[in-house]
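Notes to accompany the following structure.
The values are calculated or read from the model by the stated rules, or taken from the named source; none is laboratory data. All values derive from a computational prediction rather than experimental measurement. Please note: Cβ atoms are built from the backbone with ideal geometry, for glycine as well, and neighbour counts cover all protein chains shown.
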Amino acid sequence: MGSIDNVRFLTITDTTIEIRWDADFPQYEIDYRTIEEKEWHTIFNVVSWENPYNIIMLKPGTTYEFRIRGLSVPNADCKDKKDLSQIAESPVIKASTLKEPVIKRFSELSLYPSYPILEGRTYPCIESYKGSLWYTDAKFYLYKLDTDEKKVLWKSENPMIEWPLSLPLGYMGLPDITLYDDKLWVTCNIQATHHSGYTVTQSRQYLFYYDFATENISTPVIVEPTRSEYGSWEGGVQAWRGKLWVMHMDVWLEGDLRRTRIVLRTFENGEFSKPIIYENCPTVYPYGPSMSLFNDNLIILFSDLAAEEKGNEEPLLYTVFDGKSFSEVKVIQNIGRSRYARGVQIGTRFLCAYKCSAPYFKKFNYEYHDIALSLFTPSTEEEPQTIMYINDRKYNSSPDIALHGGKIFVVYNKLEHLYDRPEDPAIHHGAWLGSILPLPEER
């Protein structure tokens with residue numbers, strides 16, 4: 001029959017308790033409650049590799065009770081069907097969360113814990129404008145956030161872009177935003193993935209804006225690929241040197257392999273300039289590119305997804321674009337999978353946030369991701385300093401970063417673990433926001 005033994009606690013913070021146990025069952029349920037509560041809260045569908053398990057979103061300075069049940073056969077619908085046989089149950093044990101948050105130290109920076117701000121969100125983006133922090137994501141509603149009270153002050157009545165009626169339903173996401181001429185410019189990718197004949201070469205990047213003065217939303221403009229047989233896929237938007245710069249990737253197929261290249265353009269008076277193609281990119285499959293500013297140059301961050309054809313990894317790279325040419329590529333992170341990086345300049349250095357599986361790479365590969373921070377001076381031989389900002393054994397993804405009110409804010413998406421696993425469906429914990437301060441002084 002088996003038993004659940006040696007239940008113990010590993011890491012404890014003000015809002016999380018990580019629990020571990022000795023047992024050998026295919027699936028578990030974890031019950032927890034405060035000592036004042038009569039009813040248990042149950043976490044369903046915990047499979048064997050999720051041991052240890054980190055319970056999040058708890059109350060600070062609170063004592064909780066826990067118990068673990070071992071179950072016989074995995075079933076994705078067990079929460080509703082209740083058709084799993086209980087084999088064993090642990091004794092009830094207690095632990096208390098800390099009263100105060102744990103603040104990490106990283107170089108000159110203090111990293112404060114993040115907190116949930118919106119439910120069920122993907123690909124969050126933030127920008128600071130006239131004293132407020134503005135937020136949007138792949139649903140494209142616009143939000144005004146109160147970062148002190150940790151709440152939403154305002155939400156737009158309608159999304160800034162809706163699915164084009166001329167296309168079959170599919171995927172709309174991967175947004176990026178920037179402020180230019182008192183407008184919030186947005187780029188996103190649209191793919192008619194539900195169409196029977198869909199290929200990635202049919203994907204298109206879209207560009208539009210929200211006008212803060214008039215509250216009007218512009219008609220979306222399609223960012224076309226440089227060749228008719230290519231698609232335009234992923235990218236970014238950035239105000240730079242008095243112009244609006246738009247980036248996308250040309251995407252095409254070579255047999256069964258997907259290939260991409262990074263393309264830059266300016267957008268003025270409703271027209272795109274002649275494309276600037278990153279011809280000397282060291283990979284045939286750059287992925288998740290973004291643009292940031294450093295010393296009046298563009299920092300282009302991207303991962304090398306072609307590396308997985310040689311092994312299961314995805315290095316994070318960057319190049320500096322000065323308006324004419326691209327610098328030699330340098331590595332930020334080369335362990336595990338790292339992607340979706342975005343950054344800001346702080347003092348004389350550059351700080352970027354990205355999703356990173358480095359701590360779990362050898363054992364789990366893709367089930368968990370942290371949000372990593374890397375600090376370095378571009379175009380120098382300085383090795384990046386790196387810390388796992390969010391490391392809670394969840395699937396943290398798609399961060400964005402912005403300077404606002406003397407602080408650095410990082411927003412990201414949190415799931416329980418890798419989604420689309422039938423026997424163990426991931427829980428979506430929504431969008432989370434954290435702060436970093438103080439800003440380092442000029443050296």
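Selection over the range 251-279 of residues that are surrounded by fewer than 20 Cβ atoms within 10 Å (Cβ to Cβ) and either among the polar types (S, T, N, Q) or touching a Cys at 6+ places or on another chain (Cβ under 6 Å) (or both) gives a count of 3.
How many residues are over 20 Å from residue 274 (Cα atoms) and either charged (D, E, K, R) or in contact with an Asp or Glu (Cβ under 8 Å, 6 or more places away or on another chain) (or both) if we restrict to the range 317-332? If you could, list the steps in order and put the result at the bottom.
To start, the set of residues in the range 317-332 that are over 20 Å from residue 274 (Cα atoms) comprises 317-319, 327-332.
Add one more test, that the residue is either charged (D, E, K, R) or in contact with an Asp or Glu (Cβ under 8 Å, 6 or more places away or on another chain) (or both), and what stays is 317, 319, 328, 330.
Going through the range 317-332 one residue at a time, the tally reaches 4.
For the range 344-389, a tally of residues being over 13 Å from the mean Cα position of the chain (by Cα) and either in a strand (DSSP E or B) or not hydroxyl-bearing (Ser, Thr, Tyr) (or both) returns 27. Give the residue that is modelled with the lowest pLDDT, with candidates limited to residues of the range 184-234 that are assigned to a strand (DSSP E or B) and among the charged types (D, E, K, R). So the residue we want is 234.
Output yes when any residue across the range 149-172 is under 23 Å from residue 112 (Cβ atoms) and surrounded by 13 or more Cβ atoms within 10 Å (Cβ to Cβ), and no when none is. Before you say what the answer is, go through the steps one by one.
Of the range 149-172, the ones under 23 Å from residue 112 (Cβ atoms) are 149-153.
Imposing the further condition that a residue be surrounded by 13 or more Cβ atoms within 10 Å (Cβ to Cβ) reduces the set to 152.
Yes, that holds for at least one residue.
Within the range 239-250, the set of residues being surrounded by fewer than 24 Cβ atoms within 10 Å (Cβ to Cβ) and either of a type outside the set (Lys, Arg) or in contact with a helix residue (DSSP H, G or I) (Cβ under 7 Å, 6 or more places away or on another chain) (or both) comprises 239, 240, 242, 244, 245, 250.
Filtering the range 32-76 to residues that are in a strand (DSSP E or B) and hydroxyl-bearing (Ser, Thr, Tyr) leaves 32, 34, 42, 53, 63, 64.
A single entry from 347, 336 fulfils the requirement of being in contact (Cβ under 8 Å) with a residue 24 or more places away in the chain, assigned by TED's automatic domain parsing to the domain that holds residue 404 and out of contact with any strand residue (DSSP E or B) (no Cβ under 9 Å at 6 or more places or on another chain): 347.
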